[in-house]
Amino acid sequence: MARRSSGRRGWSLKDWHWISSAVCLIGMLLFSITGITLNHAGWIESAPSVERHESSLPQTELARLVNASGNDALPAVFHRWYEDKTQNSISSNAEIEWSDYELYVAMPRPGGDSWFSVDLSSGAFYSETTDRGWIAYFNDLHKARNTGFFWSLFIDVFAIASILFTVTGLLLLKKYSKGRKSTWPLVLAGFIIPLFAIMGSAHAAENELTVEIPRLSVAEYHAPYLAVWLANERHQRVTDIAVWYDVNLKDNEGEKWLKDMRQWWRRSGRMADMPIDGVSGATRRPGTNRVDLTPLVTQLPELEAGQYYLYVEAARELGGREMLRLPLSLPIKNPISISDTGEHELGRVSLKLEP
């Protein structure tokens, strides 16, 4: 009798399916749970933790900071001063923005963000660090939002393992489906059901921006102020698209709180004469709202080619502040469909543009 070889000639289909499932099943569970929390972000109550610091930069450090204006790196002496005042460090992915009168640095991270500004004439310093909790953290991991190189690498490996798991699963179904008549109808249903869901949501008009304002379970609710604007690759405002606030209050009282939309206020609001024709409008209640893109569409042909960003910022009295950024490249050669989802003050924001 011939002896059975002790060595293995290679991995079988079952081996590949087993190994790929071991690699990706925990990741699938994580992505499935965060898919639900992302899809229903407005249903989940959460109170962000905000840490604020105000100070004044000494003249020596301020002079060095002014001399570094326009650089991609901040002086080491400022790094030390910042760490001493806030007990935090300036992250390596910090987005540094200079203007004639101010330094603004954003430090986004999963589940929160941090930012600070320095008045280049007076040295006034203000910073905010926001922690939105574990649900927001895992939601950002789901979207690979501000997660860095290693998480991006993990997603690539996870995607390859998921493809291998799916393909070997289908091949195993083919191999063992004999006598199981429901196998392929169920596989086909897994393709057709999402297809119909996509077709059902494809009714959106051309050149449309929709903003979902989530319903919040709070004792005193105020509709959020909201600003939408286009910025260039240096994050400088190009045009305002929409500003929603309490336009009907007496003596322009509603304009008093426009500064709560801090990014928009620094980029545009404090220089604008309110209300802005064709841009200003009343606040909206919770639900999905359409933003008029006429101010944007009419200017697109006049803009230089390059990278641009569509900003959507919301701020609510007795509530929080949130901002989303959608990237787009000009000129538009193919239809654009971009979306992102906020955590608290903003729900799903979707942009559709046609060439």
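Mean Kyte-Doolittle hydropathy of 1.0 or higher plus an axial Cα length of 24 Å or more: which whole DSSP H helices in the chain meet both? Display every interim value, and only then the final one.
Working: long enough: 13-39 (35 Å, 1.10); 149-176 (40 Å, 1.62); 183-200 (26 Å, 1.92).
Helices passing the filter in the chain: 13-39, 149-176, 183-200.
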(request) List the residues whose amide H sits under 5 Å from the amide H of Asn289, counting only those 5 or more places along or on another chain, with H placed 1.01 Å from N in the peptide plane. (result) Val211, Glu212, Ile213
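Tell me, what are the semi-axes, in whole angstrom and largest first, of the equivalent ellipsoid of the chain as set by the roots of 5 times the Cα gyration tensor eigenvalues? Provide the component values of the computation, followed by the final result.
Numbers: eigenvalues 405, 156, 78 Å².
Calculated on Cα positions only, the semi-axes equal 45, 28, 20 Å.
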(request) Beyond 29 Å between alpha-carbons counts as too far, so tell me which of Lys14/Lys178; Lys143/Lys178; Lys256/Lys352; Lys143/Lys174; Lys85/Lys143 fall in that bin. (result) Lys143/Lys178; Lys256/Lys352; Lys143/Lys174; Lys85/Lys143
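Using only alpha carbons, build the gyration tensor for segment 208-353 and give me the equivalent ellipsoid semi-axes, biggest first, whole Å. Kindly include the intermediate steps, with their values, before the conclusion.
Working: eigenvalues 125, 63, 32 Å².
Value: 25, 18, 13 Å, ordered largest first.
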(message) Which residue fluctuates most in the GNM of the chain (Cα springs below 10 Å): Ala223, Ala136, Ala305?
(response) Ala305
(request) Amide H neighbours of Gly123 under 5 Å, at least 5 residues apart or on other chains, H built in the peptide plane: list them. (result) none
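When the dipole is taken about the Cα centre of segment 99-215, and only Lys, Arg (+1) and Asp, Glu (-1) are charged at their Cβ, what size is it in debye, to the nearest 20?
1480 debye
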(request) Taking the dipole about the Cα centre of the chain, with the C-beta of Lys and Arg at +1 and of Asp and Glu at -1, give me whichever of His53, Pro108, Leu293 is farthest to the positive side. (result) Pro108
(request) Would you grab the residues whose amide H sits under 5 Å from the one on Ser280? Only those 5+ places off in sequence or on another chain, please, with H modelled 1.01 Å from N. (result) Val243
(message) Through the Karplus equation 6.51 cos²θ - 1.76 cosθ + 1.60, θ set to phi - 60°, convert the phi angles of segment 227-232 into ³J(HN,Hα) values in whole Hz; use x for Gly and Pro.
(response) 10, 10, 8, 9, 10, 7
(request) In Å and from the alpha-carbon atoms only, list the Rg and Dmax of segment 49-131. (result) 11.9, 35
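A short reminder: the numbers here are calculations on the coordinates, not readings from a lab. Because the structure is predicted, anything quoted here is derived from the model rather than measured. Note that we place each Cβ from the backbone using ideal geometry, even for glycine, and neighbour counts take in every protein chain shown.
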